[in-house]
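**Q** The structure is given below, and queries will be raised subsequently.
The values are calculated or read from the model by the stated rules, or taken from the named source; none is laboratory data. Predicted model, so just to flag it, every value in this text is computed and none were measured. Heads up, the Cβs are rebuilt from the backbone with ideal geometry, glycines too, and the neighbour counts pull from every protein chain shown.
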Amino acid sequence: MTDLLGLKGDDLKESLEILRRRYNLELAALTLGENGCLVNTKNERIYLQGHKIEVADTIGAGDSFTAGLLVGLLKKKPLRRAITIANDLAAQVASKPGGTPLIEFNQNHFSS
């Protein structure tokens, strides 16, 4: 990411914040695979650890993270809850083989 966007330094947290500010983003998110995710807003930096799963296939994990985050935000969940939904959904997808696995993701997950 840092090379692609011409950011200096090896600190992903700092690079994510530079990216958020440079493009005047309300929110910037970075998935870190097994290491979880980092989300920055103007007022918060939230890091969530990754899930301990047996990875079957990472195809679609980033897309599912984004979808989960958007659903959480659109449903007016607190930011940490929306990120948790995203992180959980991405782990579910990565734990199944194939780019479009059938997953059982409890709808209650989105309502709590």
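**Q** Looking at segment 52-81, which of the residues that are in contact with an Asp or Glu (Cβ under 9 Å, 6 or more places away or on another chain) and outside any helix (DSSP H, G or I) is nearest to Val93 (Cα to Cα)?
**A** Filtering segment 52-81 for residues that are in contact with an Asp or Glu (Cβ under 9 Å, 6 or more places away or on another chain) and outside any helix (DSSP H, G or I), the one nearest to Val93 (Cα to Cα) comes out as Val55.
**Q** Right, another one. Return the pair list, or none, for Cβ contacts closer than 9 Å from residues in segment 28-50 that are within 11 Å of Lys13 (Cα to Cα) and touching a residue at least 40 places away in the same chain (Cβ under 8 Å) to residues that are among the polar types (S, T, N, Q) and buried (at least 17 other Cβ atoms within 10 Å of the Cβ), at least 6 apart or on different chains.
**A** Going by the 9 Å Cβ cut-off, the qualifying pairs are Ala29/Asn40; Cys37/Thr31; Cys37/Asn87.
**Q** Among the residues of segment 22-37, is any exposed (fewer than 11 other Cβ atoms within 10 Å of the Cβ), modelled with pLDDT under 90, touching a strand residue (DSSP E or B) at 6+ places or on another chain (Cβ under 8 Å) and not hydroxyl-bearing (Ser, Thr, Tyr)?
**A** Checked segment 22-37: no residue is exposed (fewer than 11 other Cβ atoms within 10 Å of the Cβ), modelled with pLDDT under 90, touching a strand residue (DSSP E or B) at 6+ places or on another chain (Cβ under 8 Å) and not hydroxyl-bearing (Ser, Thr, Tyr).
**Q** Just to verify a result, which residue in segment 1-20, among those that are at pLDDT 90 or above and in contact with a strand residue (DSSP E or B) (Cβ under 9 Å, 6 or more places away or on another chain), is surrounded by the most Cβ atoms within 10 Å (Cβ to Cβ)? Working first, answer last.
**A** Kept after step one, since they are at pLDDT 90 or above, are these residues of segment 1-20: 16-20.
Within this subset, residues satisfying the condition of being in contact with a strand residue (DSSP E or B) (Cβ under 9 Å, 6 or more places away or on another chain) are 16-17, 19-20.
Numbers: Leu16: 21, Glu17: 17, Leu19: 17, Arg20: 19.
Here the answer is Leu16.
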